[in-house]
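Derivation of every value follows stated rules applied to the coordinates shown; laboratory data play no part. Everything numeric here is computed off the predicted structure, so don't read it as measured data. As a convention, Cβ positions derive from the backbone with ideal geometry for all residues, glycine included, and neighbour counts pool all protein chains shown.
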Amino acid sequence: MDVLIIYQFCSFGGVERVVLNRAKAFKKFNRDINISVGYLHDIGALGSFQAYIQAHQLSDRLDAFLVDEQSLTKLDRYDYVLVIDTPQVFDKITTAENIYIECHTPYIENRQYLQDLPDHIRGIIVPSASFRDTIIKEFPDLPPVFVLPNPVPDEFFDTPFNLTEKIFSKRPLTYFGRRDDLKNYAEAVKIFELFNIDEDIMLIVIGGGPSQPSLIQSVADIRMLNKALLRDRIDFDKAPYLINLVKQHRGIFISPSKGESFGLSAAEFMCGGVPVILSDIPEHRALVDDDERFLYPLGEITTAKKRIEDILRHWEAYCVDIQNYAQKFKGNTFLEAWDNFILQ
């Protein structure tokens, strides 16, 4: 089976990770499925993406390239064409009969294209049931909507744990994601500030988005620059290392996001055995099976602080619980959903 995925930007983002994780799931379960990914633009990540494919022996089932208009006229060679939040190509694929739309964007303004889909679109794919409910409410006249949950590959589950291998003397509170209003980085900073006099706490912030000086300034403003590890981004193959680094130091992952379509970064940290504190939105609630210990109401930073302090006190027990919740992110769950999708 040949699948083409079309996406507008190749970045160090969640869509790229989803594609890599799917390819790994297909390989692990020995599925004869080949994925091609055509990007409209490379914004600095295509080389790293291609290097990851080579390093993880995925080149026999996954390739990535910049797509051109000529390629878009030859879609009938694929069994499925999945267009991820890229309405720019709609007017170029009007004759194809194998087109599905994947909607992954949590930004409501970026999914307004769902109001005016071409008639030949066969269905919509989303990564979670709660996000399916969201877009059906927003756009009641959609074609059939299918849920394909995001898988997390084995290397995230298999992170080693040896407390003697420490780099820092403190325990990290970790933020990993874009630094914008929807991801709610400003609230993360407010939560971090509540720990600025705690000598046992440090920060790890991997925050793509605005320039590096703004990242540094945001931490300097809360007087924590002297105990923070800051990066604008990391390559695709470094995510398991980051998660293990946080785990080795008995740390916590924090996401105060106002909106998600799934919550892949949180899921990956959970798979690595890192306890999480997440804003209480439907997608996050589904990740942790409604367990209030890992959730806090948006805006209630004192509640978030209490949840964090409780996890820090009982970290080992919370580590076991969060890994139990993460079992649903293994590749077999995705494969079952994929099979149901292609059999519809």
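Figures for the structure shown
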item: Estimated FRET transfer efficiency (THR302, ARG231; beta-carbon r; R0 22 Å; 0.05); result: 0.15
item: For the chain, size of Cβ-based charge dipole, Lys and Arg +1, Asp and Glu -1, in debye; result: 960
item: Rg over Rh, two decimals, segment 2-148 (C-alpha only, Kirkwood Rh); result: 0.95
item: Amide H partners (placed H, <5 Å) of ALA64, local residues excluded; result: VAL37
item: Ranked HIS120, HIS284, criterion: other C-beta atoms within 10 Å, fewest first; result: HIS120, HIS284
item: Coil-residue GluC sites (Glu not before Pro) of segment 185-289, DSSP, other Cβ within 10 Å capped at 16; result: GLU199
item: Order by protection proxy (mean Cβ within 10 Å, highest first), peptides 122-135, 288-301; result: 122-135, 288-301
item: Intensity falloff of segment 106-190 expressed as log10 I(q)/I(0), Debye formula with alpha-carbon point scatterers, at q = 0.21 Å⁻¹; result: -1.11
item: Förster-model FRET efficiency, 45 Å R0, ASP116 and SER169, C-beta, rounded to 0.05; result: 0.20
item: The chain - percent relative contact order, Cα under 8 Å, separation 6 or more; result: 16
item: Largest-first ellipsoid semi-axes for segment 34-117, taking √(5λ) over the Cα gyration tensor eigenvalues, angstrom; result: 24, 17, 12
item: Helix-only [θ]222 nm of the chain, DSSP H runs n ≥ 4, -39500 (n - 2.57) each, per residue, nearest 500; result: -10000 deg cm²/dmol
item: Expected-Rg normalisation [2.2 N^0.38 Å, Cα atoms] applied to segment 155-328; result: 0.93
item: Mean-position separation - Cα centroids, segment 67-115 and segment 165-229, in angstrom; result: 37
item: Equivalent ellipsoid dimensions for segment 1-77 as semi-axes, Å, which come from the Cα gyration tensor, largest first; result: 19, 17, 10
item: Segment 268-344: equivalent-ellipsoid semi-axes (sqrt of 5 x gyration tensor eigenvalues, Cα, Å); result: 28, 15, 7
item: In Hz, Karplus ³J(HN,Hα) per residue of segment 36-42 (6.51, -1.76, 1.60; θ = phi - 60°; x = Gly, Pro); result: 10, 10, x, 9, 6, 9, 9
item: Cα-Cα separations in the chain greater than 25 Å, expressed as whole percent; result: 53
item: Where only alpha carbons of segment 159-253 are counted, the Rg and the Dmax (Å); result: 13.0, 38
item: Residues MET270, MET202, MET1, sorted so that the one with the fewest Cβ neighbours within 10 Å comes first; result: MET1, MET202, MET270
